[in-house]
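Read the structure below first, then the notes.
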Amino acid sequence: MAQSSQVATRIERVRSSAVLPFMWRAGVEIALIGGLYVFYVVTRTFASTAFAPARGRALDILTFEKSWRIDVESWLNDLFLKHDWIGVASSYWYATTHYLVTLFVLIWLYRRGALYITARRALVLASVIGLAFYLAMPTAPPRLVQGGYHDILSLHSNIGWWSQNGSAPKGMGNITNELAAFPSLHAGWSLWVAIVLIMAGVPKIVQALGLAYAVTMSIVIIGTGNHWVVDAVVGWMVVLVAFGAVIAWERRGPFSHHDDLEPEPV
């Protein structure tokens, strides 16, 4: 009995010594991601607010889409307008899942250990690339371009927590950069989720749900009048490039096998 008690005490000590470093790393990760997000949001507000050039870029995108016959924005937008249940559901989807699903997957990856660092680096790099576009070439979304497009989130803001300026919470619409349409990080982050699930080797049904999430997000951002088709496509491309760059850097650098977090102690 005494020996069993000693063994149990030793196991508990090992667990305690493992939990503290794990919690410390978790705190550092939360502070890092939170700081990066604040930096991302604040920096976006420094982009030019000149509407004429932003609208010009939007019309250039529309011209390009028409040449390839992929300009489905007006049709989808009208569909979301005519059917209130689609408009309401898509508004909640747009204002919620972009943040919650990404955060949930980050936490899941952190607890899992493997792949977290690579995925986090790819997400940060993709966001930085997107931010560079927002600062260098502000582009208006369909809802701000005259031509029959409707702002679905604004129409349903009375039943949600978002303001009439995009998906920002009520009272914070003035800090939103409404000319940050190209590329779409809503689309990009959703594809990031799908890629992570595939790389993690989760069951095929979960991988399929991840891909369905990415496709649904792209449909929602276009149908609500917040992005052009090209915005979604380039948002996906940005994430693919970010993953490719991070993986190539890790394979060639000194961090290829030593940078993943240890799984959570049991």
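The values are calculated or read from the model by the stated rules, or taken from the named source; none is laboratory data. Because the structure is predicted, anything quoted here is derived from the model rather than measured. Reconstructed Cβ throughout: ideal geometry from the backbone, glycine too, with neighbour counts over all protein chains shown.
The table for this structure:
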read-out: Matching residues, the range 181-206, being part of a helix (DSSP H, G or I) and more than 14 Å from the chain's Cα centre (by Cα); value: LEU197, ILE198, MET199, ALA200, LYS204, ILE205, VAL206
read-out: Some residue of the range 95-109 being surrounded by 18 or more Cβ atoms within 10 Å (Cβ to Cβ), over 30 Å from ALA248 (Cα atoms) and at pLDDT below 95; value: yes
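Here's the yes/no breakdown for (1) of a type in the set (Phe, Trp, Tyr); (2) at pLDDT below 95; (3) more than 20 Å from the chain's Cα centre (by Cα):
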{"site": "VAL38", "(1), (2), (3)": "no, yes, no"}
{"site": "THR45", "(1), (2), (3)": "no, yes, no"}
{"site": "SER48", "(1), (2), (3)": "no, yes, yes"}
{"site": "ASP71", "(1), (2), (3)": "no, no, yes"}
{"site": "LEU79", "(1), (2), (3)": "no, no, yes"}
{"site": "ALA114", "(1), (2), (3)": "no, yes, yes"}
{"site": "LEU131", "(1), (2), (3)": "no, yes, no"}
